[in-house]
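See structure below.
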Amino acid sequence: MQEFDLVIRGGEIHDGLGSPGRRADIGILDGRIHTIGGIAPDAGREIDAGGCIVTPGFVDIHTHYDGQATWEDRLWPSSFHGVTTVVMGNCGVGFAPVRPADQARLIEVMEGIEDIPGSALHEGLSWNWESFPDYLDALEAKAFDADVAAQVPHAALRLYVMGERGARLEPATKDDIEEMRRIVTEAIRAGALGFTTSRTRNHRTAAGDPTPSLRAEESELTGIAHALADAGSGVMQFISDFASRQGDEFGMLSRVVKASGRPASISLAQAHARPDGWKALLERIEASKADGLDMRAQVAPRPIGVMLGLQTTYGPFQNCPSFKEIADRPLPGIVAIMKDKAFRHRLLEEERAWPGFGLGATAVPIDYRGVFPLGKPPDYEPAPEKSIAAIARRLGITEAEAAYDLLLEDDGKALLLMPFANFAQGTLEPVRQMLSHERSILGLGDGGAHVGIISDASFPTYLLSHWGRDRAEGRFDLPFLIRKMTSMTAAAVGLHDRGTLEPGMKADINVIDLDALGLGVPEIVRDLPAGGKRLVQRSTGYRASIVSGVPTYLEGEATGALPGRLVRGEQRDPRHRRH
């Protein structure tokens with residue numbers, strides 16, 4: 001009888017390729033799937049998957065654990081949601097390559113663009129690297145609860161090569177471009193998974209400056225694309241406004257992708273200012289196939305928005321002088337003071353002069369027609385009558401009063417959801433259309449980033465529970481949804497050794513009780529270096545998460561095992577097949 005290191009017994013197997021589920025056992029040996037079928041009793045340690053679905057581990061290709069992975073071994077909150085591989089270095093931001101003189105500037109870039117506290121980064125980063133291969137070596141010395149892959153960020157690359165000229169958005173010279181090409185080629189050959197850049201005005205440093213890559217010219221991007229061609233490996237990731245000021249931005253990026261000869265992905269969401277703009281972009285991604293380009297749209301499964309609370313980065317009263325006086329107190333103390341009628345009256349008066357979205361002089365009034373109680377459990381597709389504005393009308397009070405009272409619920413832990421993308425018409429129908437497209441893959445969860453305003457690393461759990469089980473209309477079949485975040489995401493970044501349940505593949509696996517699958521309310525925890533706080537959202541329903549054949553979480557609790565490792569570059573399919 002064949003002996004296995006682990007047997008997953010009696011689950012409904014979803015292979016990640018879109019095939020219908022089937023009941024079978026899985027035998028794991030030496031970190032890989034050995035057998036799928038009927039396995040004799042007592043063949044090894046067992047996990048009972050009866051009544052559960054069994055899926056490949058989720059491959060999250062859009063995270064920002066670039067700092068956290070250097071000081072922490074648990075990639076929370078992503079690993080709470082079945083993610084067994086994270087890809088970081090997205091949106092052109094990261095911490096390598098770096099000269100010692102630019103370390104503080106890279107922290108400023110990351111703090112501003114990805115809302116990671118600068119104090120945590122200053123204390124947590126060891127900076128025992130300069131080149132990108134050095135950075136990979138530092139990661140390789142660590143163990144994690146999920147595998148980690150890294151990409152070369154354009155902002156860091158530009159500062160390394162151009163210094164202050166790069167920060168000032170000056171055009172790269174021919175020599176600059178040749179040096180960038182050399183560095184990226186070296187990084188890809190050392191194990192970088194790809195190259196990423198940002199071309200959106202929304203990305204600004206903590207000092208308010210644009211991201212260094214904002215105005216990079218086509219010649220610069222083409223030179224970097226040639227680095228991927230030189231290395232014969234790697235992917236590209238872009239985020240852009242695709243605004244008219246940029247001319248034919250998509251055409252330019254298409255030419256860059258063509259020069260690389262490599263796959264690429266583009267962030268896609270419904271901008272509330274241009275509710276139908278995503279359609280044309282998705283059509284052009286689809287049409288790019290005719291030009292031989294492998295381009296994908298990274299899409300989100302729910303509204304992209306800001307959480308407003310008593311401890312989050314933004315909130316209705318964060319800029320008010322009276323609130324600032326109490327903001328650093330423990331939450332019970334904040335709540336006790338806010339329940340005082342005199343304080344309530346004073347704060348509501350101050351709110352008129354000190355609006356809450358944004359910080360300081362840049363803050364603007366909150367439009368409460370588009371703000372909703374998140375609820376418990378969280379509701380990410382709220383009806384219009386659930387808005388703060390609608391609640392205030394029904395109660396005959398001001399919108400600020402309604403927000404004040406709602407934030408005191410759940411002992412002050414309650415949150416308000418303010419969508420800024422994917423919810424322009426108060427429905428997720430555009431999201432459903434994005435998800436249904438064959439050229440789209442799950443992305444944009446930003447695990448490790450926006451720690452005080454967003455908690456979207458939970459996308460995989462939401463995708464399965466909302467779109468596969470709960471939504472009244474427009475649900476998707478489970479095999480389709482699972483494929484979107486397993487084999488498709490893995491293949492999109494060249495990780496061909498995972499993402500499916502087949503003999504020979506890496507044994508990254510989730511065992512999920514679909515009936516129990518759900519999301520907790522995001523909560524503030526203070527576990528970052530320097531006592532920094534962040535939002536963490538947990539889940540229910542994961543009976544087991546397994547990395548390289550080793551259970552890392554059982555019934556939602558960490559086992560203590562850390563089998564996750566750095567993934568160096570593209571991984572070949574052990575069966576010599578491409579998806």
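The values are calculated or read from the model by the stated rules, or taken from the named source; none is laboratory data. Keep in mind that this is a model prediction, so the values were computed, not measured. Virtual Cβ from ideal backbone geometry, glycine too; neighbours counted across all protein chains shown. For accessibility, only protein heavy atoms count, side chains too; no ligands or nucleic acids. Shrake-Rupley method; radii C 1.70, N 1.55, O 1.52, S 1.80 Å.
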Margin query: Contact list please: Cβ distance under 6 Å, first residue in the range 491-505 and farther than 19 Å from Met295 by Cβ, second residue surrounded by fewer than 22 Cβ atoms within 10 Å (Cβ to Cβ) and of a type outside the set (Ser, Thr, Tyr), pairs at least six apart or on different chains.
Written below: Asp497/Gln571; Asp497/Pro574; Thr500/Leu17; Gly504/Pro574; Gly504/Arg575
Next item on the list: Find the strands (runs of 3 or more DSSP E) located wholly in the range 244-325 whose residues include 2 or more that are surrounded by 18 or more Cβ atoms within 10 Å (Cβ to Cβ) and polar (S, T, N, Q), and list them.
Entry: 264-267
Note to self: When you scan the range 471-489, do you find a residue that is hydrophobic (A, V, I, L, M, F, W, C), touching a Ser or Thr at 6+ places or on another chain (Cβ under 7 Å), farther than 30 Å from Leu415 by Cβ and in contact (Cβ under 8 Å) with a residue 60 or more places away in the chain, even just one?
What the structure shows: no
Margin query: Based on this model, can you work out whether Lys506 counts as farther than 18 Å from Leu463 by Cβ and within 22 Å of the chain's Cα centre (by Cα)?
Written below: no
Check: Out of (1) open to solvent by less than 60 Å² (accessible area, probe 1.4 Å); (2) small (Gly, Ala, Ser); (3) out of contact with any Gly (no Cβ under 8 Å at 6 or more places or on another chain); (4) closer than 23 Å to Glu325 by Cβ, what's the single condition that is false for Ala361?
Finding: (1)
Next item on the list: Give the number of residues within the range 448-474 that are among the aliphatic types (A, V, I, L, M) and more than 19 Å from Phe58 (Cβ to Cβ).
Entry: 3
Next item on the list: Residue by residue through the range 215-232, note down the ones that are open to solvent by less than 30 Å² (accessible area, probe 1.4 Å) and either modelled with pLDDT under 95 or of a type in the set (Asp, Glu) (or both).
Entry: Glu220
Notebook entry, point to check: If only one of Gly468, Gly445, Gly426 is under 18 Å from Asn510 (Cβ atoms), open to solvent by 10 Å² or more (accessible area, probe 1.4 Å) and at pLDDT 95 or above, which one is it?
Noted result: Gly468
Next item on the list: Please work out if Gly560 is more than 21 Å from the chain's Cα centre (by Cα) and either more than 23 Å from Gly194 (Cβ to Cβ) or crowded, with 19+ Cβ neighbours inside 10 Å (or both).
Entry: yes
Checklist line | Residue in the range 158-170 that is open to solvent by 20 Å² or more (accessible area, probe 1.4 Å), in contact with a Phe, Trp or Tyr (Cβ under 9 Å, 6 or more places away or on another chain), small (Gly, Ala, Ser) and part of a helix (DSSP H, G or I) present | finding: no
Checklist line | Residues of the range 326-384 that turn out to be closer than 16 Å to Gly412 by Cα and among the acidic types (Asp, Glu), as a count | finding: 2
Check: In this structure, does Ile177 turn out to be in contact (Cβ under 8 Å) with a residue 40 or more places away in the chain, of a type in the set (A, V, I, L, M, F, W, C) and touching a His at 6+ places or on another chain (Cβ under 8 Å)?
Finding: no
Check: Applying the selection to the range 171-189, what residues are open to solvent by 10 Å² or more (accessible area, probe 1.4 Å) and of a type in the set (Gly, Ala, Ser)?
Finding: Ala172
Margin query: Against the condition within 20 Å of Gly520 (Cβ to Cβ) and among the aromatic types (Phe, Trp, Tyr), how does Phe420 come out, does it pass?
Written below: no
Margin query: Give all pairs with beta carbons closer than 8 Å in which a residue from the range 380-409 that is more than 13 Å from Asp367 (Cα to Cα) and modelled with pLDDT of 95 or more meets a residue that is open to solvent by 70 Å² or more (accessible area, probe 1.4 Å) and among the charged types (D, E, K, R); count only pairs at least 6 apart in sequence or on separate chains.
Written below: Leu408/Lys339
Next item on the list: Residue by residue through the range 1-40, note down the ones that are without any contact (Cβ under 8 Å) to a residue 24 or more places away in the chain and not basic (Lys, Arg).
Entry: Ala24, Asp25, Gly37, Gly38
Note to self: Being in contact with a Gly (Cβ under 7 Å, 6 or more places away or on another chain) and in contact (Cβ under 8 Å) with a residue 12 or more places away in the chain: is that true of Val86 here?
What the structure shows: yes
Checklist line | Only one of Val83, Val98 that is over 25 Å from Ile183 (Cβ atoms), open to solvent by less than 20 Å² (accessible area, probe 1.4 Å) and in contact with a helix residue (DSSP H, G or I) (Cβ under 7 Å, 6 or more places away or on another chain) | finding: Val83
Next item on the list: Of the numbered conditions (1) out of contact with any helix residue (DSSP H, G or I) (no Cβ under 7 Å at 6 or more places or on another chain); (2) closer than 23 Å to Pro275 by Cα, Asp405 fails exactly one; give the number of that condition.
Entry: (2)
Next item on the list: Please identify the pairs in which a residue from the range 120-146 that is more than 24 Å from Gly531 (Cβ to Cβ) has its Cβ atom under 6 Å from the Cβ atom of a residue that is aromatic (Phe, Trp, Tyr) and in a helix (DSSP H, G or I), counting only partners at least 6 apart or on another chain.
Entry: Trp129/Tyr135
Notebook entry, point to check: How about the range 17-74: which strands (runs of 3 or more DSSP E) wholly inside it have at least 1 residues that are of a type in the set (A, V, I, L, M) and surrounded by 23 or more Cβ atoms within 10 Å (Cβ to Cβ)?
Noted result: 22-29, 32-37, 53-56, 58-60
Notebook entry, point to check: Out of the range 7-16, which residues are under 23 Å from His496 (Cβ atoms) and in a strand (DSSP E or B)?
Noted result: Ile8, Ile13
Next item on the list: Within the range 522-541, identify whether any single residue is assigned to a strand (DSSP E or B), touching a residue at least 40 places away in the same chain (Cβ under 8 Å), open to solvent by 20 Å² or more (accessible area, probe 1.4 Å) and not small (Gly, Ala, Ser), and answer yes or no.
Entry: yes
Item checked: Criterion violated by Ile512 - all others in (1) of a type outside the set (D, E, K, R); (2) farther than 28 Å from Glu72 by Cβ; (3) at pLDDT 95 or above satisfied -> (2)
Margin query: Could you check the range 401-423 and list, in sequence order, the residues that are open to solvent by 10 Å² or more (accessible area, probe 1.4 Å), among the hydrophobic types (A, V, I, L, M, F, W, C) and out of contact with any strand residue (DSSP E or B) (no Cβ under 8 Å at 6 or more places or on another chain)?
Written below: Leu408
Margin query: Here is a list: Gln311, Gln318. Which entry is of a type in the set (S, T, N, Q) and in contact with a strand residue (DSSP E or B) (Cβ under 7 Å, 6 or more places away or on another chain)?
Written below: Gln311
Checklist line | Where a residue in the range 190-213 is farther than 30 Å from His496 by Cα and open to solvent by 10 Å² or more (accessible area, probe 1.4 Å) and its partner, wherever it lies, is at pLDDT below 95 and polar (S, T, N, Q), with Cβ under 9 Å and at least six apart | finding: Gly208/Thr362
